[in-house]
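To keep things clear, I will list the structure first and then write my remarks on it.
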Amino acid sequence: MLANNAPFTGAMCAPNVTTVTITGGTLSSITWEKFRDAVYKVDAEERKDCCWFLHETVLNHLVNIKDDLGNPIWRRPGEGFLRYGHVR
């Protein structure tokens, strides 16, 4: 993903890649609001075809965040939120 020497170009070094950083010193400091804000920092036209690259521990944390009623905020494809993009 980070290769930047011929003949390889990693995804993170490809032209026109948008990088959005979610700030926080620890995994538990990543909130739903910070993740949602990061989503909307990507232009709407780009979001429909975008992919998110997350470490599995970050993805696990996001998947386990619950709303005030105890429902997970993360939805399966077709149920909302990330229907315009993919997480890989």
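What is the distance, in nm, between label points placed 7 Å from the Cα along the Cα-to-Cβ direction at Glu46 and at Ala14?
Here the answer is 1.3 nm between the modelled labels.
Can you give me the long-range amide H partners of Trp52? Hydrogens built in the peptide plane at 1.01 Å from N, cutoff under 5 Å, separation of 5 or more residues or another chain.
For Trp52, whose amide H was placed from the backbone, the distant partners under 5 Å are His86, Val87, Arg88.
Give the calculated FRET efficiency between Leu27 and Asn5 to the nearest 0.05, with a Förster radius of 30 Å applied to their Cβ-Cβ distance. Please report the intermediate quantities before stating the final value.
Details: r = 31 Å, r/R0 = 1.05.
E(calc), rounded to 0.05, equals 0.45.
Read the figures in this text as sums done on the coordinates, not as results from a lab. Please read all numbers here as calculations on a predicted model, not as lab measurements. Cβ sites come from the backbone with ideal geometry, for glycine too, and all protein chains shown count toward neighbours.
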